[in-house]
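The values are calculated or read from the model by the stated rules, or taken from the named source; none is laboratory data. Treat the numbers as computed from the prediction; the structure is a model and nothing was measured. Quick reminder, even Gly has a Cβ in these numbers, built from the backbone with ideal geometry, and neighbours come from all protein chains shown.
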Amino acid sequence: MSKYDDWLKVIEHSRKYQTQETLESLLNIIEEDKKGRNIDLVAEALGYFISDPEAKRALITLARHEDYLTRYEALGSLYFFYKRDKDPLIKQLMIEALSDPNEFVISEALDSIGLFGWKELSPTIKPFLNHKDEMVRGSAAVALGELGDKESINSIKRALKQETEDWAKLHYYQALYFLGEDRYFKSMMSMLKSSCHLTRSSAARKLEEVANEQNYYQIYFALYTQLKRERTILVASIIEKIMREIEDEYLVKT
């Protein structure tokens, strides 16, 4: 068995067992993996060690790694550390990531900013509604929605009028719904019929996020209707899973 295979075993093991020995093995991979073939996987695995300061220090370093996937995974893991200890250095890294050359990294930072409710960053986020990448545009819109920035409603609507990609439109709809524009709930459901299978799967997940006692039946029926005509196996499996979760959360109670 090669060293590469050994590293993969350590990474997989770390997802189940967060021991000091496993952590040391992960940190050793960072030192030994000169080609960087596994560093992004290590960054993801370190997110399971949220009570360990050594893991956090490693992730802070990896958030500035030359490989964009490593930066992306490091920011994703640092999200859980910030939830736990509100370290201002992690917040600084998220803000720095908005200037990253890679769209995945920028989107990850925007997602965290929205979820953490850093409202003072709304003016910084708005220009990303005009970013060249649809993923960034969508993440920016949702972040503004999660921040409750009602002053951004008109900006999001203007961006929506110019938008050509269904994936981004879905995120604009969700943002506007978060901001009290209830009519965009039906627009979100309409994205289950998108010609893009990635948008359909994302629409199912987004609808699960906004499900509540008032709208769960509409969501469930829309998912059921789409499931009957869905031809992409992956999307169908996602819809089935979400329907089961809605059943467990709402229908079992009735």
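Quick one: which of Arg84, Arg15 is closer than 29 Å to Leu147 by Cβ, among the charged types (D, E, K, R) and loosely packed, with under 15 Cβ neighbours inside 10 Å?
Values: Arg15 fails: closer than 29 Å to Leu147 by Cβ.
Going through Arg84, Arg15 in turn, the sole match is Arg84.
So Glu21 ticks every box in (1) without any contact (Cβ under 8 Å) to a residue 24 or more places away in the chain; (2) in contact with a helix residue (DSSP H, G or I) (Cβ under 9 Å, 6 or more places away or on another chain); (3) loosely packed, with under 15 Cβ neighbours inside 10 Å but one. Which box is left unticked?
Going through (1) without any contact (Cβ under 8 Å) to a residue 24 or more places away in the chain; (2) in contact with a helix residue (DSSP H, G or I) (Cβ under 9 Å, 6 or more places away or on another chain); (3) loosely packed, with under 15 Cβ neighbours inside 10 Å one by one, Glu21 breaks only (2).
Exactly one of (1) within 27 Å of Ser25 (Cα to Cα); (2) not assigned by TED's automatic domain parsing to the domain that holds Glu165 is unmet by Lys91. Its number?
Unmet condition: (1).
Considering every residue within the stretch 65-76, establish whether at least one is in the same structural domain as Lys3 (by TED's automatic domain parsing), over 25 Å from Arg137 (Cβ atoms) and either at pLDDT 95 or above or in a loop (DSSP other than H, G, I, E, B) (or both).
yes
List pairs: first in the stretch 232-245 and touching a residue at least 24 places away in the same chain (Cβ under 8 Å), second crowded, with 18+ Cβ neighbours inside 10 Å and basic (Lys, Arg), Cβ under 8 Å, 6+ apart or cross-chain?
Within 8 Å, the pairs are Thr232/Arg200; Val235/Arg200.
Only one of Ala109, Ala43 is surrounded by 22 or more Cβ atoms within 10 Å (Cβ to Cβ), more than 30 Å from Lys157 (Cβ to Cβ), in contact (Cβ under 8 Å) with a residue 12 or more places away in the chain and in contact with a Leu (Cβ under 6 Å, 6 or more places away or on another chain). Can you tell me which?
On the way: Ala109 fails: more than 30 Å from Lys157 (Cβ to Cβ).
Being surrounded by 22 or more Cβ atoms within 10 Å (Cβ to Cβ), more than 30 Å from Lys157 (Cβ to Cβ), in contact (Cβ under 8 Å) with a residue 12 or more places away in the chain and in contact with a Leu (Cβ under 6 Å, 6 or more places away or on another chain) holds for just one of Ala109, Ala43, which is Ala43.
Can you name the condition, by its number, that Lys150 falls short on among (1) in contact with a helix residue (DSSP H, G or I) (Cβ under 9 Å, 6 or more places away or on another chain); (2) touching a residue at least 12 places away in the same chain (Cβ under 8 Å); (3) in the same structural domain as Leu110 (by TED's automatic domain parsing)?
(1)
Determine whether Ala74 is surrounded by 18 or more Cβ atoms within 10 Å (Cβ to Cβ) and farther than 17 Å from Ile113 by Cβ.
Details: surrounded by 18 or more Cβ atoms within 10 Å (Cβ to Cβ): yes; farther than 17 Å from Ile113 by Cβ: no.
So Ala74 fails the test.
Confirm whether Glu120 is touching a residue at least 12 places away in the same chain (Cβ under 8 Å) and not hydroxyl-bearing (Ser, Thr, Tyr). Break it down stepwise before answering.
Numbers: touching a residue at least 12 places away in the same chain (Cβ under 8 Å): no; not hydroxyl-bearing (Ser, Thr, Tyr): yes.
Considered against the rule, which asks whether it is touching a residue at least 12 places away in the same chain (Cβ under 8 Å) and not hydroxyl-bearing (Ser, Thr, Tyr), Glu120 comes out as no.
I'd like to verify a number: residues in the stretch 186-205 that are surrounded by fewer than 19 Cβ atoms within 10 Å (Cβ to Cβ) and assigned to a helix (DSSP H, G or I), how many?
The total comes to 7.
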